[in-house]
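Written below as structure tokens is the structure these notes are about.
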Number of protein chains: 2
Amino acid sequence: MSVPGCFYHKTLQMPTVEVCFSPALFPFIPASEKVITVVIDILRATTSFCTAFDYGVKKIIPLDSLEKALEYKNQGQLVAAERDGLKPDFADFSNSAFDYMNNTVFGKTIYYTTTNGTEAINLAQSRGEVAIASFLNSPVMVKWLTGQQKDIILLCSGWKNNYCIEDTLCAGLIAKGLLENDAFRPSGDSTLSAILLWESCNNNPEPLIKKSSHYRRLEKLGYENVLEYSLQTGRSSAIPVLEGDALINLALQTNNK
Amino acid sequence: MSVPGCFYHKTLQMPTVEVCFSPALFPFIPASEKVITVVIDILRATTSFCTAFDYGVKKIIPLDSLEKALEYKNQGQLVAAERDGLKPDFADFSNSAFDYMNNTVFGKTIYYTTTNGTEAINLAQSRGEVAIASFLNSPVMVKWLTGQQKDIILLCSGWKNNYCIEDTLCAGLIAKGLLENDAFRPSGDSTLSAILLWESCNNNPEPLIKKSSHYRRLEKLGYENVLEYSLQTGRSSAIPVLEGDALINLALQTNNK
């Protein structure tokens, strides 16, 4: 329990780090003038976003309905879709990271709708800036967020508004990283709890996540092989942020300058 | 981490234990035919309920507004009230357990309204049976719930729908007790997380709760002295349950038979 002591050493002027356990709790977080909401949906949307950007995807457009996704598909666009863990027949990609590990996605725009992830992005957008995190890009995200000097909300997408342990563990890892930089203060009990949960894993969340309801759901669908990949902290250098209606990779933009 | 292994050893026929982190998440818990919702509001409503029953209070009538409380006061009834941690002038009692530690409450009915606790009770009532828990009566509550053989929801009252660590710790303690009896199965990730949080305390939640937002709120009001008392596991033998519109002490009824 290395972090909680910092509760008393921070000043009120510092920006805050808040962990939100479910989109249903998001409206109860007090408003903030300068805020970045970081959406986390480990199994599987935000893990896939990071992977897609690593393989050169140019833009990801989050959509809130299957109908809209089908419309873009009919217009000849590339479409990723998932409902209740399954890919509808018309979609080009599921929300599995493995679908994006090939050169055909390089430079492309993908229209994307999922059960929980895209809904969380829409919600986050109502507050201000939006970024995307997973275990894969958590180190680069901690570094980037630290440089922004804004209040941070780590929004766990969960499963249909229910709490999910894998999203919370990633939020705990990122919150701990931000607080260790001594440039933020935790804003509530949820941040403290998420950090304690992460620390209880001793840097190995896999055994705990294998007991989660979401993993068991994927296991039933035969998709459990994505877990080991999803937990590779630092594998991705992507910094996905929402710009207008599209997610873009800020890391790529910076490199191109 | 002694409990989580049991996730795989329980049968689907067993009743479930679910921890609900906030009243705002309660609607997303799947319906159940036979369910007891256990309301937890450590600082301070449910701690006070248990204490009041230990000192012989006959009935506690939860009210959802100050207006109703004032109405009963004007009718000559005993009234407990709290808003944002403070007791309104007209009320006989605050929601501090210390207010009930005298013989004048013996045999009396108290009309009671608080910021979070009574709202959670009203919500719980919509699902079926309601019981009241705190650290004080947690052992007797585990024993009584185990005998009921119904699904259990441990509803953390929180603070204005925000997550509170002290309620979650108590839920983790009770969930762990229920699962150890091998008569329940955990129903989701929140139960697993609450147990891990409790276990991270090594049976001493005080240092962690002293870092909570709720404790700091009480500290500002000069009410922090109630914490040590509130964490005395097993001090109360009360089994408060809702019968009609009133909380009664089932332990007392059993003794009187």
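Every number in this text was worked out from the coordinates using simple rules, so none of it is lab data. Please read all numbers here as calculations on a predicted model, not as lab measurements. Note: ideal-geometry Cβ built from the backbone for every residue, glycine included; neighbour counts use all protein chains shown.
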Table column - 3J(HN,Hα) (Hz), the range B:141-151, Karplus curve with 6.51, -1.76, 1.60, x for Gly and Pro: 5, 4, 5, 5, 4, 4, x, 7, 6, 10, 5
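Relative contact order (percent) for the range A:100-257, with alpha-carbon contacts under 8 angstrom and 6 or more residues of separation? Walk me through the numbers on the way to the answer.
On the way: 151 pairs, mean separation 45.5, N = 158.
Here the relative contact order equals 29 percent.
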Neighbour-count order for A:Tyr111, A:Tyr72, fewest beta carbons within 10 angstrom listed first: A:Tyr72, A:Tyr111
q = 0.05, 0.07, 0.11 Å⁻¹, the protein assembly as shown: log10 I(q)/I(0) [Debye, one scatterer per Cα]: -0.21, -0.40, -0.92
Within a Gaussian network of chain B (alpha carbon springs, distance under 10 Å), most fluctuating of B:Phe93, B:Phe106, B:Phe28: B:Phe28
Fraction of antiparallel bridges per DSSP, chain B only, in percent to nearest 5: 25 percent
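Between the DSSP loop rule and a limit of at most 11 other Cβ atoms within 10 Å, which trypsin sites (Lys or Arg not before Pro) in the range A:174-252 are left? Intermediate results must be reported in sequence, preceding the final value.
Working: sites: A:Lys176, A:Lys210, A:Lys211, A:Arg216, A:Arg217, A:Lys220, A:Arg235; in loops: A:Lys210, A:Lys211, A:Arg235.
In loop regions of the range A:174-252 (DSSP not H, G, I, E or B), there are no sparsely surrounded trypsin sites (Lys or Arg not before Pro).
Tally the DSSP beta bridges in the protein assembly as shown and give the antiparallel ones as a percent, rounded to 5.
Details: 16 of 68 bridges.
Taking every DSSP beta bridge within the protein assembly as shown, about 25 percent pair in antiparallel fashion.
For the range A:9-256, take N as its residue count and report Rg(C-alpha) divided by 2.2 N^0.38 Å.
Numbers: Rg = 16.9 Å, N = 248, 2.2 N^0.38 = 17.9 Å.
Ratio of Rg to 2.2 N^0.38 Å for the range A:9-256: 0.94.
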Sequence-distant lysines (8 or more away, or on other chains) whose Cα lies within less than 17 Å of A:Lys108: A:Lys58, A:Lys59, A:Lys73
Dipole in debye (nearest 20) - the protein assembly as shown, about Cα centre, beta carbon charges: Lys, Arg +1; Asp, Glu -1: 260 debye
Cut-off 16 Å (backbone N to label point 7 Å along Cα→Cβ of A:Leu66), residues of the range A:84-100: A:84-95
Residue exposure sequence - B:Ile61, A:Ile195, A:Ile60, A:Ile42 - by fewest surrounding Cβ within 10 Å: B:Ile61, A:Ile195, A:Ile60, A:Ile42
Theoretical gain in end-to-end length, A:Thr104 to A:Lys160 [0.36 nm per residue, Cα-Cα removed]: 17.0 nm
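Summing -39500 (n - 2.57) over the DSSP H runs of n ≥ 4 in chain B and dividing by its residue number, what mean residue ellipticity at 222 nm do you reach, to the nearest 500 deg cm²/dmol?
Value at 222 nm, helices only, nearest 500: -10000 deg cm²/dmol.
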Fluctuation leader among B:Thr113, B:Thr47, B:Thr104 - chain B, Gaussian network, Cα springs under 10 angstrom: B:Thr104
Within a Gaussian network of chain A (alpha carbon springs, distance under 10 Å), most fluctuating of A:Ser236, A:Ser213, A:Ser157: A:Ser213
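Tell me, in nm to one decimal, what length is gained between B:Asn203 and B:Glu33 on full extension, where the rule is 0.36 nm per residue of separation less the Cα-Cα distance? Intermediate values should be presented prior to the final figure.
Values: separation 170, 0.36 × 170 = 61.20 nm, distance 3.38 nm.
So the chain would gain 57.8 nm between B:Asn203 and B:Glu33.
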Cβ charges +1 (Lys, Arg) and -1 (Asp, Glu), total dipole of chain B, debye: 240 debye
J(HN,Hα) series, the range A:158-170, from Karplus relation 6.51 cos²θ - 1.76 cosθ + 1.60, nearest Hz, glycine and proline x: x, 10, 6, 6, 8, 4, 10, 5, 5, 5, 5, 4, 5
Other copies of B:Glu67: label-to-label distances in nm, shortest first, labels 7 Å along the beta-carbon direction: 4.0
